[in-house]
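The values are calculated or read from the model by the stated rules, or taken from the named source; none is laboratory data. Computed from a predicted structure; not experimentally measured. A quick note on method: Cβ atoms are made from the backbone with ideal geometry, for glycine too, and the neighbour counts reach across all protein chains shown. Only protein heavy atoms, including side chains, enter the accessible area calculation; ligands, DNA and RNA are left aside. Shrake-Rupley method; radii C 1.70, N 1.55, O 1.52, S 1.80 Å.
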Amino acid sequence: MKQCILLLEDNDFIRENTVEILELSDYEVVAVSDGVEGFRMFQMRRPDLILCDIQMPEMNGYDFLREVRKNEDASSIPFIFFTAFSEKKEISNAFKMGAADYIIKPFDADELLRIIEKHLSPMFN
């Protein structure tokens, strides 16, 4: 059974490109454009990993992470911020909130896959 990644990204080009990269690497991808839609999908199908932009309409990535972490059974789901914010303060804040990792856009496809594989590896969890 394929591992499922919930991708939250409001930029159509980046979302579609990322979905293609992940699907070619044999992941099932549920892709949405905002945090509200993302939370609805999260409740319907618990993903194995969440890849989330920070700046999105409706509900930003920080608020989405807070909502997800209110579910005790979701605490073990790796949450990776996927954003253009590269300031140390933003990165530090993400880890304080419980993010498992932080990917700065523009990203390298190999790096993206390496980070995802690291967090989905049974040895890592």
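Just a few scattered comments:
- Failed criterion for Ile116 (all others in (1) in contact with a Ser or Thr (Cβ under 7 Å, 6 or more places away or on another chain); (2) modelled with pLDDT of 95 or more hold): (1)
- Only one entry of Met56, Met44 meets the criterion of being over 19 Å from Met1 (Cβ atoms) and modelled with pLDDT under 95, and that entry is Met56.
- Here Ala31 fulfils each of the conditions (1) under 18 Å from Asn71 (Cβ atoms); (2) open to solvent by 30 Å² or more (accessible area, probe 1.4 Å) apart from (1).
- One residue from Ser92, Ser86 being open to solvent by 40 Å² or more (accessible area, probe 1.4 Å), part of a helix (DSSP H, G or I) and without any contact (Cβ under 8 Å) to a residue 60 or more places away in the chain: Ser92
- Of the helices (runs of 4 or more DSSP H) entirely within the range 1-81, those holding at least 1 residues that are small (Gly, Ala, Ser) occupy 35-44, 61-69.
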